[in-house]
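The values are calculated or read from the model by the stated rules, or taken from the named source; none is laboratory data. What you are looking at is a predicted structure, and each value in this text was computed from that prediction instead of being measured. Heads up, the Cβs are rebuilt from the backbone with ideal geometry, glycines too, and the neighbour counts pull from every protein chain shown.
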């Protein structure tokens, strides 16, 4: 498996998008982050699967959300670090911003 590393501007954009979607509908920001997590895992496991768009840069689309991951050489150790160290911390940071599941269930 290769490593996936988010550039800081891309990470900021991802968090802004999650916040935007969460404001549109409770739970939607979390769904976006789940889709991104799935796409990152897919890129890490199959980096050659996605089309080259420029030199060594490839593109991975995310269905349901109008976002695109563009990536080049992937380091598996870095992907593991992001998934095990960075992503849980990111989720801990945004979790207080998301409505509790039981609150959302009672509203619907």
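Each row is one residue, and each column tells you yes or no for (1) under 27 Å from residue 95 (Cβ atoms); (2) in contact (Cβ under 8 Å) with a residue 12 or more places away in the chain; (3) out of contact with any helix residue (DSSP H, G or I) (no Cβ under 6 Å at 6 or more places or on another chain); (4) surrounded by fewer than 13 Cβ atoms within 10 Å (Cβ to Cβ).
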| position | (1), (2), (3), (4) |
| --- | --- |
| 15 | yes, yes, yes, no |
| 26 | yes, yes, no, no |
| 40 | yes, yes, yes, no |
| 43 | yes, yes, yes, no |
| 53 | no, yes, yes, yes |
| 58 | no, yes, yes, no |
Could you list, in sequence order, all residues of the stretch 51-76 that are over 17 Å from residue 14 (Cα atoms) and at pLDDT 75 or above? 51, 52, 53, 54, 55, 56, 57, 58
